[in-house]
1. Taking 7 Å along the Cα-to-C-beta vector as the label spot, tell me the Thr26-Asn194 distance in nanometres, rounded to one decimal.
2. Provide the net charge surrounding Thr35, with neighbours chosen by a C-beta distance below 13 Å and charges set as Lys +1, Arg +1, Asp -1, Glu -1.
3. Starting at the first residue of region 144-157, write each ³J(HN,Hα) from the Karplus equation 6.51 cos²θ - 1.76 cosθ + 1.60 with θ = phi - 60°, in whole Hz, x for Gly and Pro.
4. Mind checking the full-extension length gain between Phe132 and Ile146? Use 0.36 nm per residue of separation minus the Cα-Cα distance, one decimal, nm.
5. Each residue of region 80-97 in order: what ³J(HN,Hα) in whole Hz does its phi give by Karplus 6.51 cos²θ - 1.76 cosθ + 1.60, θ = phi - 60°, with x for Gly and Pro?
6. With Cβ to Cβ distances under 14 Å as the rule, what net charge do the other residues near Ile100 carry (K, R +1; D, E -1)?
7. Just add up the charged neighbours of His210: K/R +1, D/E -1, any other residue whose Cβ is under 13 Å from the Cβ of His210.
8. Over the alpha-carbon set of region 61-150, divide Rg by the Kirkwood Rh and report the Rg/Rh ratio to two decimals.
Amino acid sequence: MKKSIGFILASFVCCNMQANAYALQTTLYGGISSTDLDMGLLHISSEETDTLHNRNDSQGTIGVGLGWQYDFNQGNGFGLINNVIVGLNYFHFKAEPHGIVWLYGLPQFASFDYHLSLRTNRWLLNGQAELFSFWQTIHPYVEAGIGVSNIRSQYWELPRESGVAEGNLIFSTRTNHQLVYSLGAGIKKQLSPNWILSLAYNFTDFGTIHAGPYDADVVIQQPLDVDVKLHTALLGLSYQWV
């Protein structure tokens, strides 16, 4: 009896392994990311709190990914999920969003422009589910990732008009290490048995960073808090080691 049960389980495992395929996949990414910043209040002193009104910046982003694909529908061609890919992704992005400073929060005192330099690196553990095809070689997919990021930021202000010099702020560069998550959706096109082209939208949330610390000459009540998010249109070219 025990031998029979063992034989049945072994047969099931072997058949199940034959019914599914595994493949290593490497991907190069390139695209455009747009910053989505929520600038905090700038607490200069107990008497002065400035507000920041931002213009977001769009710049190029690059990345690379390494994943392991598990095919659910090898040989049958039906089902909601065609395959899943689990792997690691790395992305680099830099930008310089800027805006207007309202001294004391009043628009009539908009005497300065601010600039915020951002340099971001993020490493994500990523999961991707490729769904059923709506054409023979085109598949929609959804993905999610979680990981860590390294963000270097620097904040400074410049007068909007010549002759205004006093009150300039220049913060020294600060590095923040943040937890980060990403959500996305897109489509894939099978170019050949090995090559795959993808186009996707990704949303990334870095959380809140702190601009500063500031130079010894600059005295303010607290560092500037900035909520950092990215919206990215991403093109990917993957090679599958089958």
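1. With each label placed 7 Å out from Cα toward Cβ, I get 1.1 nm.
2. Numbers: positive: Arg55, Lys94, Arg119, Lys229; negative: Asp36, Asp38, Asp57, Glu96, Asp205, Asp227.
Every neighbour counted, the sum reads -2.
3. 8, x, 9, x, 10, 9, 10, 10, 9, 10, 9, 10, 8, 10
4. Numbers: separation 14, 0.36 × 14 = 5.04 nm, distance 2.49 nm.
Extra length available between Phe132 and Ile146 comes to 2.6 nm.
5. The phi angles translate into 5, 9, 7, 7, 10, 10, 10, x, 10, 10, 10, 9, 10, 8, 9, 7, 9, x Hz.
6. Working: positive: Arg55, Arg160; negative: Asp50, Asp113, Glu157, Glu161.
So the environment of Ile100 carries a net charge of -2.
7. Numbers: positive: Arg152, Arg174; negative: Asp225, Asp227.
Once all neighbours under 13 Å are counted, the net charge is 0.
8. Values: Rg = 21.6 Å, Rh = 16.7 Å.
Using only Cα positions, Rg/Rh for region 61-150 is 1.29.
Each reported figure results from applying straightforward, stated rules to the coordinates on display, with no laboratory input. Quantities reported herein were computed from a predicted structural model and do not represent experimental measurements. Cβ sites come from the backbone with ideal geometry, for glycine too, and all protein chains shown count toward neighbours.
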